[in-house]
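The structure appears below as structure tokens.
The values are calculated or read from the model by the stated rules, or taken from the named source; none is laboratory data. Please read all numbers here as calculations on a predicted model, not as lab measurements. For neighbour counting, all protein chains shown are included, and Cβ atoms are generated from backbone atoms with ideal geometry for every residue, glycine included. All accessible areas refer to the heavy atoms of the entire protein, side chains included, with ligands and DNA or RNA removed. Shrake-Rupley method; radii C 1.70, N 1.55, O 1.52, S 1.80 Å.
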Amino acid sequence: MGMKEMKAAYVAKMEAQVAEWGAKLKQMKAKAEKAAAQGRLEYQQKLAQVRADEKHEQARRKLDELKAAGEERWEALKSGVEGAWNELKKTVDSTKIE
């Protein structure tokens, strides 16, 4: 085998190696993008859960307020409890945690 053939074989081998590395890098990039998307999804789910927890706490406080109120104030507090309940329900209904 002459110098020209050895060079051609070496170049072909290196081109194949570069192509293989390129494919591996592309695959790694795709995995990284998938992981980043999954991380964003998990963050959004956690954020939604925190909002739902806050709404739950607000509704619980309003209910405690209503329970502690005398008969003369409970009617006035009832709308606050219903408002907090509706907000909690909307938040829970819109929170999709899998």
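Below 29 Å, Cα to Cα, which lysines can LYS7 reach? Residues fewer than 8 away in the same chain don't count.
Output for LYS7: LYS24, LYS26.
So I have [x] 14.3; [y] 15.8; [z] 18.8, and one of them is Kirkwood radius over Cα pairs in Å calculated from this model. Which one is it?
Checking each listed value against the structure points to [z].
Pull up the cross-link candidates among the lysines for LYS46, meaning alpha carbon to alpha carbon under 27 Å and not fewer than 8 places away within one chain.
Result set, ordered by chain and number: LYS29, LYS31, LYS34, LYS55, LYS62, LYS89, LYS90, LYS96.
Given a 1.4 angstrom probe, I'd like the percentage of the accessible area of the chain that is carbon and sulfur, rounded to a whole number. Present the calculation step by step, with values, prior to reporting the outcome.
Numbers: 5000 of 8490 Å².
The nonpolar share, carbon plus sulfur, comes to 59 percent.
State to the nearest 20 debye the size of the charge dipole of segment 51-98 about its Cα centre, where the only charges are +1 on K and R beta carbons and -1 on D and E beta carbons.
Roughly 120 debye, rounded to the nearest 20.
At what distance in nm do the modelled label points of ALA19 and LEU47 sit from each other, each positioned 7 Å from its Cα along Cα→Cβ?
According to this spin-label approximation, the distance is 4.4 nm.
Which value in nm describes the separation of the simple spin-label points at LYS89 and VAL11, placed 7 Å from the Cα toward the beta carbon?
For the pair LYS89/VAL11, the computed spacing is 7.5 nm.
Putting +1 on Lys and Arg Cβ atoms and -1 on Asp and Glu Cβ atoms, find which of LEU88, LEU41, LEU77 reaches farthest to the positive end of the dipole of the chain.
Toward the positive end, the furthest listed residue is LEU41.
With the other protein chains left in place, how much accessible area per residue, in square angstrom, belongs to segment 5-98 at a 1.4 angstrom probe?
Numbers: 7970 Å² over 94 residues.
Roughly 85 Å² per residue, with all protein chains present.
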